[in-house]
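Undergrad: Take this structure first; my questions come after.
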Amino acid sequence: MSRKQAEPRLVQCYLCRHRFDISRKAMTVSCPACHKPLLVQDVIVKTLQAVKKLQTCGTLTVQKKGRVIADLVEAHGGINVSGTLHAKVVNGSRVRILRTANWKGDCNASSIQIESGATVEGGMFQVPDRSLGVEDLIETA
Ligand SMILES: [Zn+2]
């Protein structure tokens, strides 16, 4: 086990914005401040996910055949979309809309990358928006 894996990982609660350390092996944790369960793992969407909210302290990847239909999407580790993402508001640190993507919805991100070929049907984009305040939590592999 490398030293990095043994170190705790700092996360930010997406409900109350409290920051705390977790074990790198943790899949779900409870926030010590608001006591709500939090998703901290990376989320990969391969099929249809129709939900009100999709939030994680990790990354969100929407694969080519994946479809996310949601009111709110928030991923502190960044968002990569190759499939369909329709959401009212998307909060990501770094958002990448890849060439096979179909995007519809507002986007707040600290940075954005849109590949040529991607479809963006609409939405208000605000970039850079650092109101999430999670840039310093992003780990580059
Ligand atoms: Zn909390």
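Each reported figure results from applying straightforward, stated rules to the coordinates on display, with no laboratory input. Not measured: the values here are computed from a predicted model. Ideal geometry is used to build each Cβ from the backbone, glycine not excepted, and the neighbour counts take in all protein chains shown.
Undergrad: Name the cysteines of the chain that stand alone by the Cβ rule: no other cysteine Cβ under 4.7 angstrom.
TA: Among the cysteines of the chain, those whose Cβ sits 4.7 Å or more from every other are 57, 107.
Undergrad: Which shape class, rounded, prolate or oblate, goes with segment 42-119 when its Cα gyration tensor gives a ≥ b ≥ c as root eigenvalues, a/c under 1.5 marks rounded, and past that a/b bigger than b/c marks prolate?
TA: rounded
Undergrad: Let me ask something else. Among DSSP bridges having both ends in the chain, what percentage is antiparallel? Round to the nearest 5.
TA: If we restrict to bridges inside the chain, about 15 percent are antiparallel.
Undergrad: Restricting to Cα pairs below 8 Å that are 6+ residues apart, what does the relative contact order work out to for segment 1-136? Please round to a whole percent.
TA: 14 percent
Undergrad: Percent relative contact order of segment 88-141, based on C-alpha pairs within less than 8 angstrom and at least six residues apart?
TA: Result for segment 88-141 is 35 percent.
Undergrad: What net charge is computed for the residues neighbouring residue 70, neighbours being all others with C-beta under 9 Å from the C-beta of residue 70, Lys and Arg scored +1, Asp and Glu -1?
TA: +2
Undergrad: On to the next question. To one decimal place, what orientation-averaged projected area in nm² is obtained for the convex hull of the Cα set of the chain?
TA: 8.3 nm²
Undergrad: Can you tell me the relative contact order of segment 42-119? Whole percent, Cα pairs under 8 Å, sequence separation 6 or more.
TA: Relative contact order, segment 42-119: 23 percent.
Undergrad: Ok, one more. For the chain, what is the charge dipole size about the Cα centre, in debye to the nearest 20, if Lys and Arg each add +1 at the Cβ and Asp and Glu each add -1 at the Cβ?
TA: So the dipole magnitude of the chain works out to roughly 400 debye.
Undergrad: While we're on this one: State whether segment 100-141 is rounded, prolate or oblate according to the following rule on the C-alpha gyration tensor (a ≥ b ≥ c being the square roots of its eigenvalues): a/c under 1.5 gives rounded; otherwise a/b larger than b/c gives prolate, and the remaining case gives oblate.
TA: Judged from the Cα gyration tensor, segment 100-141 comes out oblate (a/c at least 1.5, b/c at or above a/b).
Undergrad: For each pair in 53/104; 36/88; 52/104; 65/104, compute the distance between the two Cα atoms and list the pairs where it is over 19 Å.
TA: Beyond 19 Å between Cα atoms: 36/88.
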